[in-house]
Amino acid sequence: VGGSWSQEIINAFGNSEEFNSRFANLSNTQLITNIYQQLFNREPEQAGLDYFLAQLESQQATLAQIAVVILNGAQGDDSLSLSNKLSACDYYTQQVRSGADYAAIESVRDIISAVGADSSSLNQAYVIIDSLIVNE
């Protein structure tokens with residue numbers, strides 16, 4: 001993507017203050033593993049971890065670029081997990097647009113991290129999000 005606006009956005013997320021405050025003390029292995037955990041609720045397979053670690057350490061790719069590659073490669077249960085997480089995020093966003101208090105965002109982050117490929121985890125997220133919403 002080199003130099004395009006989308007590359008700038010990817011790198012901005014990877015260099016943001018929030019990213020640095022939450023993840024600056026993690027090793028490269030922990031950072032890559034964290035991407036898999038956040039997206040798919042699982043550890044990376046060893047071959048994938050080794051590949052992305054080599055890419056990162058040789059500076060052939062940034063962590064933000066690696067995250068996008070991992071995201072775009074989602075298949076099977078990983079794709080379902082990601083889709084469910086996005087549905088939970090969309091649901092929360094719709095609630096906020098409807099006047100719900102945004103203050104629950106930290107709790108929602110934890111709720112979404114528990115959403116996986118099974119529909120019951122998504123339904124549970126909806127229930128918990130509803131319990132956090134305080135309409136003004």
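See the values below:
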| item | result |
| --- | --- |
| Some residue of the range 69-88 being under 13 Å from the mean Cα position of the chain (by Cα), open to solvent by less than 20 Å² (accessible area, probe 1.4 Å) and of a type in the set (D, E, K, R) | yes |
| Matching option when the condition is open to solvent by less than 30 Å² (accessible area, probe 1.4 Å) and out of contact with any Asp or Glu (no Cβ under 8 Å at 6 or more places or on another chain), among I105, I111 | I111 |
| Pair list, Cβ < 7 Å and 6+ apart or interchain, from the range 54-73 residues that are touching a residue at least 12 places away in the same chain (Cβ under 8 Å) to residues that are small (G, A, S) and assigned to a helix (DSSP H, G or I) | T62/G14; L63/G14; A64/G14 |
| Residue in the range 94-115 that is farther than 14 Å from F40 by Cα, outside any helix (DSSP H, G or I), in contact with a strand residue (DSSP E or B) (Cβ under 9 Å, 6 or more places away or on another chain) and modelled with pLDDT of 80 or more present | yes |
| Scan of the range 19-38 for residues that are at pLDDT 85 or above, assigned to a helix (DSSP H, G or I) and more than 14 Å from I70 (Cα to Cα), ordered by number | N28, T29, Q30 |
| Every residue from the range 50-88 that is in contact with a Ser or Thr (Cβ under 7 Å, 6 or more places away or on another chain) and closer than 21 Å to A117 by Cβ | N84 |
| Cβ pairs under 6 Å, 6+ apart, first in the range 82-99 and in contact (Cβ under 8 Å) with a residue 12 or more places away in the chain and of a type in the set (D, E, K, R), second surrounded by 14 or more Cβ atoms within 10 Å (Cβ to Cβ) and in a helix (DSSP H, G or I) | K85/I112 |
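The values are calculated or read from the model by the stated rules, or taken from the named source; none is laboratory data. Computed from a prediction, not measured in an experiment: that's the story for all the values here. Glycine also receives a Cβ, built like all others from the backbone with ideal geometry; neighbour counts cover every protein chain displayed. Surface accessibility is based on the protein's heavy atoms, side chains included, excluding ligands, DNA and RNA. Shrake-Rupley method; radii C 1.70, N 1.55, O 1.52, S 1.80 Å.
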